[in-house]
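Accompanying notes for the structure given below.
The values are calculated or read from the model by the stated rules, or taken from the named source; none is laboratory data. As the structure is a prediction and not an experimental result, all values here were calculated from the model. In this analysis, Cβ positions are derived from the backbone assuming ideal geometry, glycine residues included, and neighbour counts consider all displayed protein chains.
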Amino acid sequence: MAAQFEPIIGRYLTLDLGGRAHRVYFEEAGQGIPLVCLHTAGADGRQFRHLMVDAEITRHRQADPASLPNRSRAVRSLILQAGKKSPKKSREGVDTR
């Protein structure tokens with residue numbers, strides 16, 4: 001069997017939210033009505049790959065799973081990439097700044 005690319009495109013987007021730059025990773029496949037896929041805690045956007053490669057779904061919908069911060073390829077912010085300290089978090093993982 002010859003190698004075959006899947007119809008999934010991954011991208012990074014930088015958003016300015018509250019004066020801070022946040023780098024978000026998302027994937028998309030298909031065309032048409034957006035189908036936003038949000039994963040549960042402890043998972044990431046990979047749990048939707050079966051939807052993204054299903055031609056019946058992507059024929060009329062654009063599947064857009066996004067990974068929450070610190071999951072898969074999602075990064076908390078550009079500050080972390082610059083080598084600076086991570087924002088202080090409480091035991092529950094909430095940013096306490």
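Structure data summary
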quantity	calculated
Candidate set: the range 1-41, residues that are closer than 13 Å to PRO65 by Cβ and loosely packed, with under 10 Cβ neighbours inside 10 Å; chosen: the one modelled with the lowest pLDDT	THR40
Number of the condition not met by LEU68 [criteria: (1) at pLDDT below 90; (2) loosely packed, with under 15 Cβ neighbours inside 10 Å; (3) of a type in the set (A, V, I, L, M)]	(2)
Conditions (1) assigned to a loop (DSSP other than H, G, I, E, B); (2) at pLDDT 80 or above; number of the one not met by ARG97	(2)
Cross-chain or 6+ apart pairs with Cβ under 9 Å, the range 44-60 first and surrounded by 18 or more Cβ atoms within 10 Å (Cβ to Cβ), then hydroxyl-bearing (Ser, Thr, Tyr)	ASP44/SER67; ASP44/SER72; GLY45/TYR25; GLY45/SER67; GLY45/SER72; MET52/THR58
